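Asker: Please see the structure below; I have some questions.
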Amino acid sequence: MNANSSESKAPHSASEDANDKLKLLERHQQIQQLVQSKGFVTIEQLAREFNVTPQTIRRDINTLSSAGVIRRFHGGAGMSSSTENVAYTERKILCFEEKRLIARAVAEQIPDHASLFINIGTTTEAIAQALTKHKRLRIITNNLNVATILSSNKDFEVIVAGGLVRHRDGGIIGEATIDFIQQFKVDYGIIGISGIDQDGTLLDFDYREVRAARAIIDNSRRVFLASDHTKFGRNAMVRLGNISEIDTLFTDQSPPQALVEVMAQADVRLVVAS
């Protein structure tokens, strides 16, 4: 009786195992497709999409990363391309809360009556929002979204750089942009970045955007870099400079130890927002 019962269950158990493996394979394929279409997907998004736990998604990402089909990042998965950034609409919601905390930390370090450069990026747009209650700021920006946010305060003077407007994110780039920025010398330059290598190299995807950011660094008395933790170790093709040229790094998690050591040697201040 017991033997017959065991025999009747064995084929069912094998079938369940086969189904589980098929579901796992299908989920891996769908995760890969989502990452390819979006550029970056968070663990939380994937867990909701497939109705599984974040731990399950982390195992999936580790498997796919080991196979070389996607790249594991802090908080999610992305493509390993060094030539294309995540779409602007995705970057707007990616690490939204972390960017808000970083923005608040940066805004606390900016006094009233200061002059600022603010460059392109979703993190710098969050910083602009956090600055709206300040008094009598003078801001030069090559980001139309930043200009729109800050122009809501009638006490501010907002100056927009000339140049080519990038339709995908409202960034302004080109030779005219650089020439315009170089006319000023301001108290604070606030910049974002796409990637920070372990050796402190600052990386981005568009060489024209990098040239504008370079002009901001060169013409600011103090430079604040705002970067969430997903940028640590992230790959991008164009070199902006080195973190040693930055006065303060604002982030939401402590950087990798190798980067912390580079910053310490260069006397770069670290602010971890919480």
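Just so you know, all these numbers are worked out from the coordinates, no wet-lab data involved. Everything numeric in this text was worked out from a predicted model, so none of it was measured. Because the Cβ atoms are built from the backbone with ideal geometry, glycine has one as well, and the counts that use them run over all protein chains shown.
Asker: Rounded to the nearest 0.05, what FRET efficiency do Asp267 and Met237 give with R0 = 41 Å and r taken as the Cβ-Cβ distance? Could you check?
Answerer: 0.90
Asker: Follow-up. What is the pair-distance distribution P(r) of the chain, computed from all Cα-Cα distances in 10 Å bins starting at 0, with each bin given as a whole percent?
Answerer: 7, 27, 30, 18, 9, 4, 3, 2, 1, 0
Asker: Sort the following peptides by mean Cβ neighbour count (other Cβ atoms within 10 Å, averaged over residues), highest first: 19-26, 139-146.
Answerer: On the way: 19-26: 10.9, 139-146: 24.9.
Highest-to-lowest ranking by the protection proxy: 139-146, 19-26.
Asker: With an 8 Å cut-off on Cα pairs and a minimum separation of 6 or more residues, tell me the relative contact order of segment 89-272 in percent.
Answerer: On the way: 410 pairs, mean separation 36.4, N = 184.
Computed value for segment 89-272: 20 percent relative contact order.
Asker: Pick out, from Ile193, Gly174, Gln55, the residue whose Cα sits farthest towards the positive end of the charge dipole of the chain, with +1 on the Cβ of Lys and Arg and -1 on the Cβ of Asp and Glu.
Answerer: Gly174
Asker: Please state the equivalent ellipsoid semi-axes for segment 209-274: what are the square roots of 5 times the Cα gyration tensor eigenvalues, largest first, in whole Å? If you can, show how the numbers build up before the last one.
Answerer: Values: eigenvalues 71, 42, 27 Å².
Working through the eigenvalues yields semi-axes of 19, 15, 12 Å.
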